[in-house]
Amino acid sequence: MKFVPTLLAAALVVAAPAFAGSAADAVTVADPYVRLVPPGQPATGAFFVLKNSDDKDHKVLKAESSAAKVTELHTHLNEGGMMKMRPVKDIEIKAKGEAELKPGSLHVMLINLNKPLKEGDSIPLKLIFEDNSSKEVSATVRKIQAEMPMGKPADMPMGKGEMMHHHH
């Protein structure tokens, strides 16, 4: 029985950072990638999923990358049927929730790239949170097909092609 307090104390020390930690400690960045753009295109988007393990909301206030002169948090808004990009002041990650940055939605905009991207390159990204803590991630440059549904082609029902040709 003598050992119990010591074990408990040790367990508490290990668990402490999760509670007293910064936003950067509480938020994990899953699957960060940057869209491959053709050389000469000066801007691209970075995408990832932010998961918040904390029991309070956190926010990403800004992003920085040495790969681009300007890095901004953006979203796509549908305004009267037009998709428009708008800077956002922050990206909120709900307690025990996640925020998904994906094409056509929230993303980090990398503007005025310092050098052309190559597929497979790693792009450094630094995310700065509401408490001024920050997290460095490295995002892989990936080729993304524009407007592709995320399903596997096998999920597409046969006969979709004919249906699309019907005139209403």
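Structure above, values below:
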{"read-out": "Yes/no for Met109 being modelled with pLDDT under 95 and under 22 Å from Ile144 (Cα atoms)", "value": "no"}
{"read-out": "Output for segment 29-41, where each listed residue is hydrophobic (A, V, I, L, M, F, W, C), part of a strand (DSSP E or B) and surrounded by 14 or more Cβ atoms within 10 Å (Cβ to Cβ)", "value": "Val29, Val34"}
{"read-out": "When residues of segment 69-80 are limited to those that are farther than 15 Å from Phe47 by Cα and not β-branched (Val, Ile, Thr), the one surrounded by the fewest Cβ atoms within 10 Å (Cβ to Cβ)", "value": "Gly80"}
{"read-out": "Which listed residue, of Thr44, Thr75, Thr71, is free of Cβ contacts under 8 Å to residues at least 60 places away in the same chain, out of contact with any Pro (no Cβ under 9 Å at 6 or more places or on another chain), part of a strand (DSSP E or B) and not basic (Lys, Arg)", "value": "Thr71"}
{"read-out": "Given (1) small (Gly, Ala, Ser); (2) under 23 Å from Val141 (Cα atoms); (3) touching a strand residue (DSSP E or B) at 6+ places or on another chain (Cβ under 7 Å), number of the condition Ala95 does not satisfy", "value": "(2)"}
{"read-out": "Boolean, Gly80 is farther than 20 Å from Val27 by Cβ and under 13 Å from the mean Cα position of the chain (by Cα)", "value": "no"}
{"read-out": "Checklist (1) outside any strand (DSSP E or B); (2) under 13 Å from the mean Cα position of the chain (by Cα); (3) of a type outside the set (Phe, Trp, Tyr) applied to Lys62, failing item", "value": "(1)"}
{"read-out": "Lone qualifier among Pro116, Pro103, Pro157 - being outside any strand (DSSP E or B), at pLDDT below 95 and surrounded by 15 or more Cβ atoms within 10 Å (Cβ to Cβ)", "value": "Pro103"}
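To keep it simple, each residue is scored yes or no on (1) within 21 Å of Ala24 (Cα to Cα); (2) exposed (fewer than 14 other Cβ atoms within 10 Å of the Cβ).
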position: Lys59; (1), (2): yes, no
position: Ile91; (1), (2): yes, no
position: Lys96; (1), (2): yes, yes
position: Ala99; (1), (2): yes, no
position: Met109; (1), (2): yes, no
position: Lys143; (1), (2): no, yes
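The values are calculated or read from the model by the stated rules, or taken from the named source; none is laboratory data. The structure presented is a predicted model; accordingly, all values stated were derived computationally and were not measured. Cβ: placed from backbone, ideal geometry, glycine included. Neighbour counts: every protein chain shown.
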